[in-house]
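This report concerns only the one structure given below.
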Amino acid sequence: MTKIEADEALHRLKAGNERFVAGLRNEDAAPNHSRRAELLAGQEPFAIVLGCSDSRVPAELVFDQGLGDLFVIRVAGNVVAPSQIGSVEFAAERFGTRLVVVLGHSQCGAISATLEALAQPGGKPSRNLRSIVDRVRPSVEGLLALGLGHDPDALVREAVRANVRFAAGQLRHGSEILERLIEEDGLRVVGAEYSLETGQVDFFDGLR
């Protein structure tokens, strides 16, 4: 197995997103019978992406990658729970993947739902939805104290990034396995935001 280092993986994602924004396509990444056959023997994803379930943010398309290139975990609000940590651990250990991207996006519904719950604490979302809201809450409730409540759009923008930073921090410091791989084997966890408006991905957290 050829291990792709984190810097090279990040370069590939940035280049892929540039193609996506420009409306171009890497033809080598297009699904085909031969590529499917190659992957029967195993997979070697070069990046792990923990992203939101929003239908407008499919990681493989946003980064212009093909079958077997990305190990993608999607959950509303790109929140980190034990199952997400375990999925990242699995890919990092099993496949030697050395880049983890927490990918949030503009106008995130899970973020808006959490801010609404904070503004109207008497609401009663379902127990399952509340589990998502409660995982977003610690990253965004401090923003209300900064006086952003009067500007809802600015509040959501800041909350999206705060939630990405919080999730990335949980991955860096919430797993002995990931901590060891970061310390000893070059694993990197970075945070990014996808713009629904432009299609661009801005990597803003965990960069050297």
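Each value in this text was obtained by applying a stated rule to the coordinates, not by laboratory testing. Keep in mind it's a predicted model, so treat the numbers as computed, not measured. All Cβ positions, even for glycine, are placed from backbone atoms using ideal geometry, and neighbour counts span all protein chains on display.
Given C-alpha coordinates of the range 6-205, what is the ratio Rg to Rh with the Kirkwood estimate of Rh? Value, to two decimals: 0.99. When you restrict to C-alpha pairs under 8 Å that are six or more residues apart and normalise by the size of the chain, the relative contact order lands at 24 percent. Karplus-derived 3J(HN,Hα) values for the range 157-163, using 6.51 cos²θ - 1.76 cosθ + 1.60 with θ = phi - 60°, are 4, 5, 5, 4, 6, 4, 5 Hz; glycine and proline are entered as x.
Per-residue ellipticity at 222 nm computed for the chain from its helices equals -15500 deg cm²/dmol, with DSSP H segments shorter than 4 residues left out and the rest contributing -39,500 (n - 2.57). Charge tally for A15 (other residues, Cβ to Cβ under 13 Å; Lys, Arg +1; Asp, Glu -1): -2. For L50, the residues whose amide H sits under 5 Å from its own are I73, V101, V102, L103, ignoring neighbours fewer than 5 places away on the same chain, with H placed 1.01 Å from N.
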